[in-house]
Structures are given as C-alpha cells and as structure tokens.
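Throughout, read-outs are computed from the coordinates displayed, never taken from laboratory work. Model, not experiment: these values are computed from the prediction. Here the Cβ positions follow ideal geometry from the backbone for every residue, glycine too, while neighbour counts run over all protein chains shown.
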Amino acid sequence: MGLLDELSDSIANTTKDLGKMAQNAGDMTKLQYDKKVKENELTKLYEKLGRKYYEEQKDEDREEIKEIKACELRLQEINNDIMALKGGKACPKCGALVKNGSRYCSACGEKIDDIFEE
C-alpha cells in the first residue's frame, strides 16, 4: 500500500470517527434536553400534588402548614410594598396594580370601592 492509500484510509477513518462523535454529541444534547423537560414536568406534578394536599390540609394545626401560611403572609406583605412603591395597591380580584384614585381595575374591570381608604 502506498503512502497516498494510507493517508486516504487515515482520513476516511478520521472522518468516520468525527461523524460518530458529532452524532453522539447530538444524541447527548437531545437526551439532556429530554431529561430537563421531564424533570420540569415532574417538578410541576409534585407542586400540583403538594398544592392539592395543602388545600385539603390547610385548616390543620401542623408546623408545615403554619410555615406555608407565614410565607404566604410575608409574600403578600412584600407584594403590597411593591404596589405602594408603584403608586397603588393590588386589585382584590386579580392582584394587578390599581393606581391611587382609580375607580376600576384596568386589568379585570373590577370596581374599586375603598381599597385606598386606610
């Protein structure tokens, strides 16, 4: 076999190896993406189940329930502070920002009666 034949075989083998590596990289990327999609789906299912369980158990006097209620309360306080900094309050129906002095929520149309009275 001549030098050119050996070089040609070497290039052909290298090309095949590179093609296989590229295919493997593509397969790996697809599998990693599929894995992330399923992990996200599983997280959402756990969350849905947890919310359902919480709704069924929210009147129980359990430490976990108390912690969730405390987090919800603090989150509402933070949201109210954000709304105040933006010059309004949260709509009692949809939670959207209602500017001070508005009579209706611009997001859902809810009539605003006295949320601005302290």
Checked the chain with the C-alpha gyration tensor, a ≥ b ≥ c its square-rooted eigenvalues, rounded below a/c of 1.5, otherwise prolate if a/b is larger than b/c and oblate if not; verdict prolate
Lys pairs in the range 40-116 with Cα under 26 Å (8 or more apart in sequence, or on separate chains) total 25
Dipole check, the range 22-118, charges on Cβ (K,R +1; D,E -1), about Cα centroid: among 33, 53, 65 the Cα furthest to the positive pole belongs to 33
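Where a ≥ b ≥ c are the square roots of the eigenvalues of the C-alpha gyration tensor, would you call the range 1-57 rounded, which needs a/c under 1.5, or, failing that, prolate if a/b is larger than b/c, or oblate?
On the way: a/c = 14.54, a/b = 11.84, b/c = 1.23.
Cα axes put the range 1-57 in the prolate bin.
Using the beta-carbon distance between residue 12 and residue 32 and R0 = 30 Å, what value does 1/(1 + (r/R0)^6) give for FRET efficiency, to the nearest 0.05? Before the final figure, lay out the partial values.
Values: r = 30 Å, r/R0 = 1.01.
Step by step, r from the Cβ atoms, then E = 0.50.
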Residue by residue through the range 15-22, the couplings from Karplus 6.51 cos²θ - 1.76 cosθ + 1.60 with θ = phi - 60°, in Hz, x for Gly and Pro, are 4, 4, 4, 5, x, 5, 5, 5
Going residue by residue through the range 53-67, the Karplus relation 6.51 cos²θ - 1.76 cosθ + 1.60 with θ = phi - 60° gives ³J(HN,Hα) values, rounded to whole Hz and with x marking Gly or Pro, of 4, 4, 4, 6, 10, 5, 8, 6, 9, 10, 4, 4, 5, 4, 5
